[in-house]
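Just so it is clear, none of the values below were taken in a lab; they were calculated from the coordinates. Predicted, not measured: the structure shown is a model, and the values here were computed from it. Ideal geometry is used to build each Cβ from the backbone, glycine not excepted, and the neighbour counts take in all protein chains shown.
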Amino acid sequence: MRAAARVVDVRNDRARLACDEQPSCPACRGGRGCALRWLGTPGRAGLEVPSVSPDGPPLMAGQSVTIEVPDGELLRSAARVYLLPLAGLLAGPALVRWSGRGGEAVALLAAAAGVVLGWALARLWVRHSPPSFTVWRERGTNGH
């Protein structure tokens, strides 16, 4: 997955990036902003990356870059996000049935609780271990 972005600000050897809107992106078309916002830190708009890279000069405000997330990283993150709530959905009623207590209503509540717990764990896991990505400079922008 690739997304075009622009360097918004550079402070303390950190560059803040904001994704450019792309008509082919479903998140941009829906007005929800860039799907890559999940790679950033919670509570802050954009994505922060080191401004200095081994392949060239430091990033500067206004510079165009490309953010690339390898397909394998996307699949691992999707598995984390979707499989934990699914496991909670299945494990909740199974535990109720295994314990022999409660009926259908208790099993339904256990399924809902399992989904919520799975979602919270998945969110925590992805926030603490986001997918790796690469930032590439666009050649020929801002005189570079």
Output the residue which, of all residues in region 123-139 that are within 20 Å of residue 86 (Cβ to Cβ) and among the charged types (D, E, K, R), is surrounded by the most Cβ atoms within 10 Å (Cβ to Cβ). 123
Taking region 57-102 and keeping residues surrounded by 13 or more Cβ atoms within 10 Å (Cβ to Cβ), more than 20 Å from the chain's Cα centre (by Cα) and within 29 Å of residue 136 (Cα to Cα) leaves 58, 59, 60, 61, 63, 64
Per-region count, region 86-137, residues among the hydroxyl-bearing types (Ser, Thr, Tyr), under 26 Å from residue 49 (Cα atoms) and not in a loop (DSSP other than H, G, I, E, B): 1
Given the criteria in contact with a Pro (Cβ under 9 Å, 6 or more places away or on another chain), of a type outside the set (D, E, K, R) and surrounded by fewer than 16 Cβ atoms within 10 Å (Cβ to Cβ), does residue 116 qualify? yes
